[in-house]
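The next block holds one structure in the form of structure tokens; read it before the comments.
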Amino acid sequence: MSDAPSAPTGPMLTDFVSFYLYGLTSQPYRQSTDLAKFGELYSLVVGQHGGLGIASTFHPYQLVNEAGVSVWFTAYAQLYAQPNRLALFAEMTVEKMSFVVIPPATFAEFHRWPDSRLTTDENPIFGRFVPFVIPFLVRKDPELLRWDAEFAAAEGDKNRLRPYLDAVNAAIKFVQPAPAFVLGFGEFDEQQPELLIERFLNCRDLLL
């Protein structure tokens, strides 16, 4: 007698991609209880893609704890811990719904990676212009993210792109008020976290 196929237990981490907005501020670690605003920011940046907004901003050295667990993996674990995770995942997949999770307070602690180039000892400019990151965990989808679609539509014309970038900078103010501003958007590779560090280093000379 053959065994009956097991019921699905929930979404896999490989069903998602880790993305982030990144920029500069005076205080990188900030939270807001306005989860609706986090949802609006997700829609503006990610667009019609299911996934999870993460209700905090972080310094890059807060994104991965000493155990090597990232805020993106923690967001996935929070989804997986929900008794109705299959229904939530179905809504992300079929209806492209997004939800917001609150990360554990343990991510307030700094953990310097082996890559220490964002420390003020190595680059004092990052004491004045402090890096921050807003993470998103997004359901894989072949369609372009809103950010990429806006850039593609602008065809390299900065004037055409400016209204969208202004809207993104305005949308972060509820959690990252002025003088914070966005530099860009990227995908986090847990196998190569130093690539995130390099995004800030590429902007360093413009700040000097």
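General remarks:
- Residues of segment 5-61 that are small (G, A, S), within 18 Å of L183 (Cα to Cα) and part of a strand (DSSP E or B): S18, G23.
- Filtered residue count, segment 145-170, keeping only those that are of a type in the set (K, R) and either at pLDDT below 95 or touching a Leu at 6+ places or on another chain (Cβ under 7 Å) (or both): 2
Table: residues versus (1) under 30 Å from P124 (Cβ atoms); (2) of a type in the set (A, V, I, L, M).
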| residue | (1), (2) |
| --- | --- |
| S18 | yes, no |
| L35 | no, yes |
| E40 | no, no |
| Q48 | no, no |
| G53 | no, no |
| T57 | yes, no |
| A81 | no, yes |
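- Candidates E187, E143: the one that is charged (D, E, K, R) and within 23 Å of L35 (Cα to Cα) is E187.
- Here is the figure for segment 23-76: residues that are surrounded by 17 or more Cβ atoms within 10 Å (Cβ to Cβ), among the small types (G, A, S) and either more than 20 Å from E109 (Cα to Cα) or touching a Leu at 6+ places or on another chain (Cβ under 8 Å) (or both) total 8.
- Of all residue pairs spaced 6 or more apart or on separate chains, those with beta-carbon atoms under 6 Å, a first member in segment 135-152 that is closer than 13 Å to G186 by Cβ and a second member that is part of a loop (DSSP other than H, G, I, E, B) are F136/V46; V138/V46; V138/H49; L145/V46; L145/G47.
- Filtered residues of segment 169-208 (kept if of a type in the set (D, E, K, R) and closer than 23 Å to T14 by Cα): E187, D189, E190, E194
- Among residues of segment 153-179 being outside any helix (DSSP H, G or I) and touching a residue at least 40 places away in the same chain (Cβ under 8 Å), the one that is surrounded by the fewest Cβ atoms within 10 Å (Cβ to Cβ) is P179.
- When residues of segment 139-152 are limited to those that are part of a loop (DSSP other than H, G, I, E, B) and either among the charged types (D, E, K, R) or out of contact with any strand residue (DSSP E or B) (no Cβ under 8 Å at 6 or more places or on another chain) (or both), the one surrounded by the fewest Cβ atoms within 10 Å (Cβ to Cβ): P142
- Filter result (within 22 Å of Q191 (Cβ to Cβ) and either without any contact (Cβ under 8 Å) to a residue 12 or more places away in the chain or of a type in the set (A, V, I, L, M) (or both)) within segment 98-113: none
- Scanning segment 199-208 for residues that are among the charged types (D, E, K, R) and without any contact (Cβ under 8 Å) to a residue 12 or more places away in the chain turns up just one, D205.
- Only a single item in (1) aliphatic (A, V, I, L, M); (2) assigned to a loop (DSSP other than H, G, I, E, B); (3) touching a residue at least 24 places away in the same chain (Cβ under 8 Å) is not met by V182, and it is number (2).
- Checklist (1) modelled with pLDDT under 95; (2) within 28 Å of M12 (Cα to Cα); (3) surrounded by 15 or more Cβ atoms within 10 Å (Cβ to Cβ) applied to T106, failing item: (3)
The values are calculated or read from the model by the stated rules, or taken from the named source; none is laboratory data. Fair warning: this is a prediction, and the values are worked out from it, not measured in the lab. No Cβ is skipped: glycine too gets one built from the backbone with ideal geometry, and neighbour counts run over all protein chains shown.
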